[in-house]
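Trainee: What follows is a single structure, and I will ask about it in a moment.
Nothing in this text is a laboratory measurement; each read-out follows from the coordinates by a stated rule. Every value quoted in this text rests on a predicted model; they were computed, and no experiment measured them. As a convention, Cβ positions derive from the backbone with ideal geometry for all residues, glycine included, and neighbour counts pool all protein chains shown.
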Amino acid sequence: MKTLLLRMNLILIMMIGFSVLVQAQRKKQKQEDRDTQAWRYEIEAVNTGVQGTYLIKVWSYSSSPNAAIEQSKKNAVHGIMFKGFNGSQGVPGQKALCPDPNSEIANEDFFRPFFSDGGKYMKFVNITNDGAVAAQDIIRIGKEYKIGLIVSVNVAALRKDLEDAGIIKSLSNGF
């Protein structure tokens, strides 16, 4: 009888612990989703990449350093599509692929799954330093972190995908 009661208590404690863990994970995911939806990031030119790619540094903001690292991939692709970036130190800047600021809202059916976790955006981005962040690229600002990561974006493939989806016009269109 004591053994059965002890086992039941142990199972109950494990279930409560698992429930707390799941709730913490959901809270963390909600914060990461809010960080992504706000699209809070900065982009700067780093170097000339292989033909058809941009090598950029993305500064992402998040309450969790690990979340900021993951968000950097989304932010890099989003920035190339909607913001562009200024040049620096002999590296030319680039204009946004989607010059119409309303195209993200107008094509929400395309962009929502595109930027979902593990979405299609992953095809076009690579973190060049395997997610290792230099000490000077981790800045604590109040309760959140600003994390800088160097990312390579395959702009040629991204442009082709956006053209095929009818989001942007082909470069050869209108000549």
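Trainee: What does the net charge come to around residue 160 if you take all other residues with beta carbon closer than 13 Å to its beta carbon, with K and R at +1 and D and E at -1? Mind dumping the intermediate values first?
Mentor: On the way: positive: 120, 123, 159, 169; negative: 161, 163, 164.
Result for the neighbourhood of residue 160: +1.
Trainee: Hey, which of these cross-link pairs are over 26 Å Cα-Cα: 95/143; 57/143; 74/143; 146/169? Write out the running numbers ahead of the final one.
Mentor: On the way: 95/143 33 Å; 57/143 22 Å; 74/143 22 Å; 146/169 34 Å.
With Cα atoms farther than 26 Å apart: 95/143; 146/169.
Trainee: Treating only the Cβ atoms of Lys and Arg (+1) and Asp and Glu (-1) as charged, compute the dipole magnitude of segment 101-167 about its Cα centre; round to the nearest 20 debye.
Mentor: Working: 8 positive and 10 negative charges, 47 e Å.
Result for segment 101-167 is approximately 220 debye, rounded to the nearest 20.
Trainee: With charges only on Cβ, +1 for K and R and -1 for D and E, what is the dipole size of the chain about its Cα centre, in debye, rounded to 20? List each step's numbers first, then the result.
Mentor: Numbers: 22 positive and 17 negative charges, 136 e Å.
In debye, rounded to 20, the chain gives about 660.
Trainee: Would you calculate, for the chain, the mean residue ellipticity at 222 nm contributed by helices, counting each DSSP H stretch of 4 or more residues as -39,500 (n - 2.57) and dividing by all residues, to the nearest 500?
Mentor: Working: 5 runs with 76 residues, N = 175.
Rounded to the nearest 500, it is -14500 deg cm²/dmol.
Trainee: Using only Cα atoms, tell me the angle between helix 2-38 and the longest principal axis of the chain; keep it within 0 to 90° and round to the nearest 10.
Mentor: So the inclination is approximately 20 degrees.
Trainee: OK, next. Relative to the longest principal axis of the chain, what angle (0 to 90°, nearest 10) does the C-alpha long axis of helix 65-82 take?
Mentor: 30 degrees
Trainee: Follow-up. Just to verify a number: FRET efficiency for residue 2 and residue 112, C-beta to C-beta distance, R0 = 45 Å, to 0.05?
Mentor: Numbers: r = 55 Å, r/R0 = 1.21.
That pair, residue 2 with residue 112, gives E of 0.25.
Trainee: Sticking with this structure for a sec: Towards the positive end of the charge dipole of the chain, with charges on Cβ (+1 Lys, Arg; -1 Asp, Glu), say which of 59, 167, 107 has the farthest Cα.
Mentor: The residue sitting most towards the positive pole is 59.
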